[in-house]
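For reference, the structure discussed in these notes is given below.
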Amino acid sequence: MAAVAAALSLEISPWVIVPPILAAGCVLFGAALAVDYFGMARLRTEWRGFTADHRTAWGRAKLLERRFYRQRKVGSPRTRATARSLLLAYAQSDRLAEARDVIDFLGADTIFSGAGTDAVADALRAIALAEMERDEEAQALLAALQQSRRRRRLPVVAYAAARVALGSGSYRVGLDSLGEALASTKVPSGARRDLVFLQAEALAHLGQAHEASQALAELVARGFRRDVESLTELAHERGDVPLALAGRAALDQANPYR
């Protein structure tokens, strides 16, 4: 377009040719942004932890599911952004094991963009792959994310590495994965809460019950009492006795006279 404008400007006054060409370029660029042609919508969301309201998150996931399949069928350029939002909704509702179509779609996109371009989506894909027992793919994706020191220090990457490790019973590895992220003072409060949940789970299963309950008690003191209660109830339902006992001890510590 620029070459054509330059050629024509040699024959005709530039003031006749250049302004319309520039206007057309701005329109095309704006349209590309509107449909997420450059993938910017996928990259602008920072991970701030997961909501405790699983029911609302699951309802949003069902709406996004229909939109995703509809857009994928017609080849809409918005499909990538919708797939990313759907993956986050699956994670919010703790149903990443049901994200097969979404992670495969985003995985195909990663072939061209490279792992780590969208660290949040890639980290969640690693968790989903592990929950689907596609362990080799999960480990390969985590390794690609952790090659960069900057990405390795991201809370969401630490969360994914720890959750995958805990899922396979590697509690010491999971605990080590959390250390650098928890040492940072720039972690959003919701993300720190979820990291501490994994830390407490690892500590509880390593026989460090006191340290686990202390970590959860600190969350209660910071205003996350309801979240710790939910974690404790869920651990009890799943038969995770060490974590359930740590949660109960933390709650009792916060209310010693109850």
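The values are calculated or read from the model by the stated rules, or taken from the named source; none is laboratory data. Since the structure is predicted, the reported quantities are computational estimates derived from the model, not experimental observations. Note that each Cβ is placed from the backbone with ideal geometry, even for glycine, and that neighbours are counted across all protein chains shown. With ligands, DNA and RNA removed, areas are computed over all heavy atoms of the protein, side chains included. Shrake-Rupley method; radii C 1.70, N 1.55, O 1.52, S 1.80 Å.
Protection proxy ranking for 191-202, 173-184, using the average of other Cβ atoms within 10 Å per residue and placing the highest first: 191-202, 173-184. In a simple Cβ point-charge model (Lys, Arg +1; Asp, Glu -1; nothing else charged), the range 108-205 has a dipole of about 540 debye relative to its Cα centre. The alpha-carbon positions of the range 72-194 define a convex hull whose volume is 108 Å³ per residue. For the peptides 155-163, 240-248, the ranking by mean Cβ contacts within 10 Å, running from highest to lowest, is 155-163, 240-248. Average accessible surface for the range 60-100: 53 Å² per residue, computed with a 1.4 Å probe over protein heavy atoms with every protein chain in place.
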